[in-house]
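This report concerns only the one structure given below.
Coordinate-derived values only; no laboratory data. Since the model is a prediction, treat every value here as computed from it, not as a measurement. Every residue, glycine among them, receives a Cβ derived from its backbone with ideal geometry; neighbour counts consider all protein chains shown.
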Amino acid sequence: MIGCGAVLFGIGAVAGCAGGDSTTPTTPTSVEPTTLTGTGTTNNSGMTVNGISLSELPATQTMTMLPFDTSGVTLISPYKPSHTGIDINTITGGRFLSPASGVVTLVQLNTGQGRPGTNYRVRIHHTSTGINSLYHFEVDGAISDQMQQANILVDLGDQVTAGQHIGNLMSQGPHAHVHYDMLDAGGRATVRCPIVYFASDVAETWENLYDQKIKERDDARIAENRGAVPSLPNLCNDVELPSLRFVTAPMILRLRNHKLF
Ligand SMILES: [Zn+2]
C-alpha cells in the first residue's frame, strides 16, 4: 500500500490517503507546477515556490492555532508510518484555518488523488526554509470546478495570518475529510508527524479531541452492535496495529497492556 500524502517537490505529486482511498485517474486542472529553488538550509536564502519568494517569512515558526475549526469535526485519524498526515473528517462546511502566518504557494483543483471523486488542495508555506501546511480536501463525491473554487478562500501568493479561514471541506459522503500534512522543503523523505510543529497546548487540545472523537465513534458502533474498533494510542504513532484479521482476543489484551490502544 502506498503511503498517504507522499509529496515529492519538483513534480508536486501527493499520494492519496490510506483507509480505502485509491488514486482516481482523472487529469488535474489548474495545476500549479511546483518549482522549488534555493538550498533550504539557510535562512532567507531566496527560496521560491511556484515563483513566490519565501524570503519575507521567518526562518522558524511554531504553529499556534489548530488548522481547523473544531465545531464541525466528526472524526480524526492519526499519523502512523503508512499515513503521513492527520485526517480531519467534518460535516459540510467544515472550516479550515492557517495554523500560523504564511504565504499561499499552491491552489489546485481536481487533484486526481485520494478518495475517488473531486478533491482540491491548498498549501501554505510558513517559513523561509520551507515548512508548509498541505491541506488535501477529499470530498467523497463529485463537485464542479466552481464549487471547489468557492470553497477555497485564498489565492496563490496571498499572505495569511494565524487562524485565517483558508477553505471549507465540501462533504459529499461519509468519508469526506481533509488530509493535513506538515512538510519541510525535503518533502516525503523527511516527513514528520504534523504535531511536532505545533505549540504544546495546541497539540494537547488536538490530542484530546482525537480521543473524544474516537470514543464517540466507538460508542455509536457499540450502540449499533458493531463493536469498537481498536485505535492507535495517539495522534503520532511509530507503530502499526497488526491487521485486524489476525488479531486474537489474547493479542488484544497484550496490546492493551502495552498501551498500544
Ligand atoms: Zn490521510
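Listing for the model above:
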quantity	calculated
Whether the stretch 48-211 is rounded, prolate or oblate, judged on the alpha carbon gyration tensor where a/c under 1.5 counts as rounded	oblate
Most to least packed among 205-217, 81-93, 112-124 [average Cβ atoms within 10 Å]	112-124, 81-93, 205-217
Among 225-236, 147-158, the order from most to least packed when residues are scored by Cβ within 10 Å on average	147-158, 225-236
Farthest positive-ward along the stretch 60-152 dipole, Cα basis, beta-carbon charges - from Thr84, Thr70, Gly114	Thr84
Residues in the stretch 211-229 that a label on Thr70 would reach, taking backbone N under 12 Å of a point 7 Å out along Cα→Cβ	211-213
